[in-house]
Every structure is written in C-alpha cells, then in structure tokens.
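A short write-up of the structure that comes next.
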Amino acid sequence: MRKSRFTEAQIRSILGQADSGAAIRDLALQHGVSVPTLYNWRARYGGAESAEAARILQLQVENSELKRLCAEQTLEVRALKKIIARLPGRATLA
C-alpha cells in the first residue's frame, strides 16, 4: 500500500475543517488533493475514534508483516523442493 504524504493527524485536521463547515472543494484545492480523496478519508478516518484508528493502523502493519513472512516462507519452500528434486534417488516433488 502506498504511503500517504499526509499523516493521520493532518488528515483528521482537514476532516475537522470539513466538519466545521468548510466546503469540500475548497479544502481539496487548499491541500492539493482531489475531492474523492477527501471523501475516502472521511469514510476511513471520519467516524473512527483515535484508539480505534490506531488499532486499525496496527492491524494494517501486522497484516503487511504477515504477508511478507508468508512470501518469504513460500520462496524458501520452493527453493528446498528444487534442491530435493536434484538429489539422486529422490522422487520429484510437485
């Protein structure tokens, strides 16, 4: 996932301005983002409490780490299968 150029605190500040009555289009122009980006941020961060948002971020980081570990193990398994297949007298593994 691509890292945002805005921190979570900055996004929440921008969304706070929108909640205060600022026009979405004006905020988008002011901060150099698209209107759909602001609506996506609102959907993602708008209703979440800070503890809940922190937990979501923690789960996203954990998920990325688990995906990386899974990919590494898959590569190791494939490499080991290739080595075993080259051993004399061993049946070929799928």
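As a test of the formula, what do you get for the chain when each DSSP H run with n ≥ 4 contributes -39,500 (n - 2.57) and the sum is divided by the residue count, at 222 nm and rounded to the nearest 500 deg cm²/dmol?
Values: 4 runs with 64 residues, N = 94.
That comes out to -22500 deg cm²/dmol.
Rounded if a/c is under 1.5, else prolate if a/b beats b/c, else oblate: with a ≥ b ≥ c from the C-alpha gyration tensor eigenvalues square-rooted, which is the chain?
Prolate.
Using the beta-carbon distance between Glu65 and Arg25 and R0 = 35 Å, what value does 1/(1 + (r/R0)^6) give for FRET efficiency, to the nearest 0.05?
The computed FRET efficiency comes out at 0.35.
Can you tell me, using C-alpha contacts under 8 Å and at least 6 residues apart, the relative contact order of the chain as a whole percent?
The value is 16 percent.
Determine ³J(HN,Hα), in whole Hz, for all residues of the range 19-29 in sequence, where each value follows from phi through the Karplus function 6.51 cos²θ - 1.76 cosθ + 1.60 and θ = phi - 60°; x replaces Gly and Pro.
Values, residue by residue: 5, 6, x, 5, 6, 4, 4, 5, 5, 4, 5 Hz.
Taking the Cα centre of the chain as the origin and placing charges on Cβ (Lys, Arg +1; Asp, Glu -1), which of Gln30, Thr74, Thr7 is farthest toward the positive end of the dipole?
Farthest towards the positive pole: Thr74.
Treating the beta-carbon of each Lys and Arg as +1 and of each Asp and Glu as -1, no other charges, what is the dipole magnitude of the chain about its Cα centre, to the nearest 20 debye?
720
Just so you know, all these numbers are worked out from the coordinates, no wet-lab data involved. Predicted model only: the values in this text are computed from it and were never measured. Please note: Cβ atoms are built from the backbone with ideal geometry, for glycine as well, and neighbour counts cover all protein chains shown.
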